[in-house]
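Enquirer: Please read through the structure below; I'll follow up with questions.
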Amino acid sequence: MYIAMVSAECAPIAKAGGLGDFVQGLARELAIRGNQVEIFLPKYDVLRFDRIWNLTKCHRDLWVPYYDQWVHCDVECGEVDGLKCYFIDEHARENFFRRGKIYGEPDDPNRFAFYCRAVLEFMYKSGRHPDVIHCNDWQTGLVPVLLYEIYQALGMTHSRVCYTLHNMGHQGVVGEHVLRQVGLRPDRLLVMERLLDPVSHRAGNLMKGGIVFSNFVTTVSPRYAWEIQHTDQGMGLQGVLQYYDRKFGGVLNGIDYSVWNPELDTHLPKPYGPDSLPNKAASKRALRERVGLEDVFKPIISVVSRLDRQKGVDLIRHAIYHTLKSGCQFVLLGSAPEPKVNELFWGIKHEMDANPDCHLELTYNEELSHLIYGGADMILIPSVYEPCGLTQMIAMKYGVVPIVRRVGGLADTVFDANYSDKPFEERNGYLFDELTPASLEAAMDRAIGLWFRFPEYFRQLRTNGMRADNSWNKPGQQYLDIYHHLRG
């Protein structure tokens, strides 16, 4: 099967969050199973060019409609970890993808609308007819709209579209000019049955367009699928998802064990696995040395996260002080896009600079993240909402016990040590329900108490998590089943 993955991100060359890992992991799994997989991306100026092999210009003079003009583009192709990638290199005077960042520009809707039109124009001009075009999040929501409104009449009748929702918190709510920009008719599309935003009745919603026009819609965990249909986690699109229930489902993400595996990880001083867990102590020593923590008999509680409201920053802040009060050590790795949150955590960092039990690293460092997973005993994820979450799955593979809020994919992957209906050999962490310090402390205290008083039981939780299969094997097959359903 020929599968085209269309996305704003792909790890490791263009990664801002879990979307990048999803595209890389699923594409690799599909390719391993013998499918022809091609990934389409903008040619950002911040790509990790050192991870792209044989980057060459494969299509010159691609002219893409833009309002009543045409914008000149080239398309380059290369290999990323064995996967074929195509990069849209636009030469617009707006410099859509030469901004020094992937997201965060005022004209992001215009940038990615142009990208959607350019991808389909390239497929059309180069004679590509994928069996399935797999689109992701609001940035590619116009691809199925353009396919069925424009390109199907030009002969692109073969392709079906699978559309994955990664985060309902960002939907691409836009003015009608964004539709006109790519050659679509606002009078035809800005109606409730198509792209009209359910909340702002004068605006278009690109994510809604993806849902309405695609052939199948997925999201990244079964629990999150239920939440966004039946609670305010749907952020206004609950009714749309209920209406299209017949073509909607949740598929739990996997993680790439060729990247996240303590038995193979070159960032760790000594490899280890569930049958060689004592070797994890070398990573704990190395982590303490790297971040300046005292080498004492205490557990290390960690946070590896983007520091924004979705991730529960108020509870993360509270957890720092509760960790230290409980006789433990705390390590945080993450950056805050919001200035007030950034200021808050920099204040805590300065406060803790001389504390031998606490270190905050307010950036993102891939190498250090591996060492934190290798050296930590517990990881905290107090999310307000969490579509899937890769952090808890990575942590468990490294023998780190997760303490998480019972939402989204966290609830699908973490099973409470004390209160789960799973057999003990499948229990792997601690959950709490309320977004309150008291609820968080109760879960932390249970985990910390087990570490100090019953180390053998804590070790069993570690190995339970390490032996769980959170690879792309099962979700890869589920996506292939969806693709075959669409083709059937």
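All of the numbers you see were taken from the coordinates with simple rules; none came from a lab. Computed from a prediction, not measured in an experiment: that's the story for all the values here. For neighbour counting, all protein chains shown are included, and Cβ atoms are generated from backbone atoms with ideal geometry for every residue, glycine included.
Enquirer: Quickly rank 138-147, 345-354, 410-419 as a protection proxy: mean count of other C-beta atoms within 10 Å, highest first.
Expert: 138-147, 410-419, 345-354
Enquirer: When DSSP beta bridges are limited to those with both residues in region 1-86, what percentage is antiparallel, rounded to the nearest 5?
Expert: Taking every DSSP beta bridge within region 1-86, about 65 percent pair in antiparallel fashion.
Enquirer: What do you get for the angle between helix 18-32 and the principal long axis of the chain? Use alpha-carbon atoms, 0 to 90 degrees, nearest ten.
Expert: Here the helix axis deviates by roughly 80 degrees.
Enquirer: Can you run phi through the Karplus equation (6.51, -1.76, 1.60; θ = phi - 60°) for region 249-265 and list ³J(HN,Hα) in whole Hz, with x for Gly and Pro?
Expert: Result, ordered by residue: x, x, 10, 5, 4, x, 10, 8, 6, 7, 9, 10, 7, x, 7, 10, 6 Hz.
Enquirer: Using a Cα-Cα cut-off of under 30 Å, which lysines could be cross-linked to K43, ignoring same-chain neighbours fewer than 8 residues away?
Expert: The reachable lysines, counting only those whose Cα sits under 30 Å from K43, are K15, K57, K84, K101, K125, K208, K311.
Enquirer: With each pseudo-label sitting 7 Å past Cα toward Cβ, what's the K422-Y457 distance in nm, one decimal?
Expert: Going by the 7 Å Cα→Cβ label model, 1.7 nm.
Enquirer: Follow-up question, since we're still on this one. Listed highest first by mean packing, meaning other Cβ atoms within 10 Å per residue, what order do 106-115, 468-477, 23-32 come in?
Expert: Highest mean packing first, the order is 23-32, 106-115, 468-477.
Enquirer: Now a separate question. Among S383, G334, G449, whose Cα projects farthest towards the positive end of the dipole of region 277-467, with charges put on the beta-carbon of Lys, Arg (+1) and Asp, Glu (-1)?
Expert: With unit charges placed on the Cβ atoms, the residue in question is G449.
Enquirer: Measuring from a point 7 Å past the Cα of E105 along Cα-to-C-beta, which residues in region 5-23 have an amide N at less than 17 Å?
Expert: Label zone hits: 7-10, 14-16.
Enquirer: A further question follows. Can you sort S7, S276 so the residue with the fewest Cβ neighbours within 10 Å comes first?
Expert: On the way: S7 25, S276 12.
Ordered from fewest to most neighbouring Cβ atoms within 10 Å, S7, S276 come out as S276, S7.
Enquirer: Starting from the Kirkwood radius over alpha-carbon pairs of region 277-467, derive D by Stokes-Einstein at 4 °C in a medium of 1.567 mPa s and give it in µm² s⁻¹.
Expert: 79 µm²/s
Enquirer: Follow-up. Counting only residues 5 or more places away or on other chains, whose amide H sits under 5 Å from the amide H of F432 once H atoms are built in the peptide plane?
Expert: The list, which skips near neighbours in sequence, is V404, R405, R406.
Enquirer: Another one. Please determine, in degrees from 0 to 90 and to the nearest 10, the orientation of helix 437-453 with respect to the longest principal axis defined by the Cα atoms of the chain, where the helix direction is its Cα long axis.
Expert: Between helix and principal axis, roughly 50 degrees.
Enquirer: Separate question: Order these by the 10 Å Cβ neighbour count, fewest first: L293, L480.
Expert: The fewest-first ordering by Cβ neighbours comes to L480, L293.
Enquirer: Suppose each label sits 7 Å from its Cα in the direction of the beta carbon; what would the Y67-Q152 distance come out to in nanometres?
Expert: It works out to 3.0 nm between the two label points.
Enquirer: If each of R406 and K125 carries a label point 7 Å out from its Cα toward its Cβ, how far apart are those two points in nm?
Expert: 5.4 nm
Enquirer: How do H201, H129 line up, fewest other C-beta atoms within 10 Å first?
Expert: H201, H129
Enquirer: Which parts of region 311-333 would a label at D353 reach, counting a residue when its backbone N lies under 18 Å from a point 7 Å out along Cα-to-Cβ?
Expert: Zone members listed by number: 332.
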